[in-house]
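Reviewing the structure listed below.
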Amino acid sequence: MPRPEPKGGEPKAGRDPKDRLIVALDVETLGQAENLLDRLGDVVTTFKVGIQLFTSAGPQAVELVQKKGGRVFLDLKYHDIPSTVAGAVREAARLGVFMLTVHASGGLAMLEAGVLARGVLGKAAPILLAVTLLTSLDRAALQRELNVPLSVEGQALHLAQLANGAGLDGCVASPREARLLRNALGQHWVIVTPGVRPAGAERGDQARIASPEAAVGAGADYIVVGRPILEARDPARAAAAIVEAIARS
Ligand code: C5P
C-alpha cells in the first residue's frame, strides 16, 4: 500500500514547475559551481551535488548552494553496512540537504537504518530516495555480470518496492521505468528522472533519454538535467525553457 504522504520534504500538491527542475552541478571546483549558481539563481531553485563536486569540495559545496538560496539534492548514492549508512545519512540531514540517495541493493536493513537516521532533525527530514539500477546497466550486464535473471524494469521495480517497504520516499528512475513505478507505487512515491534531453540537445553518454514533457508525462516529479544546461551558451535560458516545458506538461 502506498503511504499517505512522503515523510521527507514538501507535499506534492501545489508545487511550482520551477521547483521540479534539478540542475546537476557536475563541475570540478567550487568556483565553477558558484559561477553556475550566479547565472541560474533566478531560474532554478534546486541543485544536485554529486560525487565529483563533493569529492573535490566536500560539504562546502552544499553550503555554497544554500548560501545562494538554493536547495540541495545530495546524490552520493550511499551503499555500505547499515550503521555506516546511518551515520552518513545523519550527517547529510545535519547539512540540511533537501533530498539524498542510497542504493536500494544495500538491502532492507541498510534502507531501514537510513530512514531512521534521516529523521535526526524531526520535521526537516530530507527526502530519502533509492537508486534502483544504474541507467548505464542493460539487460546483458544485469544477467551476465551481476547474475540477476530479471529484466531491467523487473529488477528496478523489485528494488523500488523493497525501498518502499523500508519507508523511503521515492527513487531515481529512468524515464522509461517511470510509468511502471508510478502505477505500482502510487501517487505519493517520489520519482526523480535523469536522462532528460530537450529537443535538439546532445544525448552525451545517456542511453535511454526522454524530453522533459515525456518524463513528466510518464510520472516524474522532478527531472535532473546536467550537460544540456551546463554546456548551453546561455544556461539560464536553457533552464527556463525546461521549466516552461514542465509547466506545459
Ligand atoms: O548531464 P546529464 O543531464 O546526463 O546529467 C545527469 C545527471 O544525473 C548526472 O549527474 C548523473 O550522475 C545523474 N544520474 C544519471 N543516471 C542515474 C542516476 C543519476 O544520469 N541513474
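The values are calculated or read from the model by the stated rules, or taken from the named source; none is laboratory data. The shown structure was predicted, so the numbers you read here are calculated from the model rather than taken from an experiment. As a convention, Cβ positions derive from the backbone with ideal geometry for all residues, glycine included, and neighbour counts pool all protein chains shown. Areas reflect the complete protein model, heavy atoms only, side chains present, ligands, DNA and RNA absent. Shrake-Rupley method; radii C 1.70, N 1.55, O 1.52, S 1.80 Å.
Some observations on this one:
- The slack in the chain from Glu145 to Leu95, taken as 0.36 nm per residue of separation less the alpha-carbon distance, amounts to 14.4 nm.
- Taking each residue as 0.36 nm, the span from Arg39 to Glu213 lengthens on full extension beyond its C-alpha to C-alpha distance by 60.2 nm.
- Over the chain, DSSP H runs of length four or greater, each weighted -39,500 (n - 2.57), average out per residue to a 222 nm ellipticity of -12000 deg cm²/dmol.
- Between Leu121 and Ser56, the modelled labels are 2.6 nm apart [label points 7 Å from Cα along Cα→Cβ].
- Portion, in percent, of the accessible area of the chain that falls on carbon or sulfur, probe 1.4 Å: 52
- Farthest toward the positive end of the dipole of the chain, out of Ala214, Ser83, Ala201, is the Cα of Ala214, where the dipole comes from beta carbon charges about the Cα centre.
- Cα gyration tensor shape of the chain, rounded if a/c is under 1.5, else prolate or oblate by comparing a/b with b/c: rounded
- The stretch between Glu63 and Glu244, if pulled fully straight at 0.36 nm per residue, gains 62.3 nm over its current Cα-Cα span.
- Other residues lying with their Cβ under 10 Å from the Cβ of Val120 contribute a combined charge of +2, Lys and Arg counting +1, Asp and Glu -1.
- Rolling a 1.4 Å probe over the protein heavy atoms gives the stretch 14-126 an accessible area of 44 Å² per residue.
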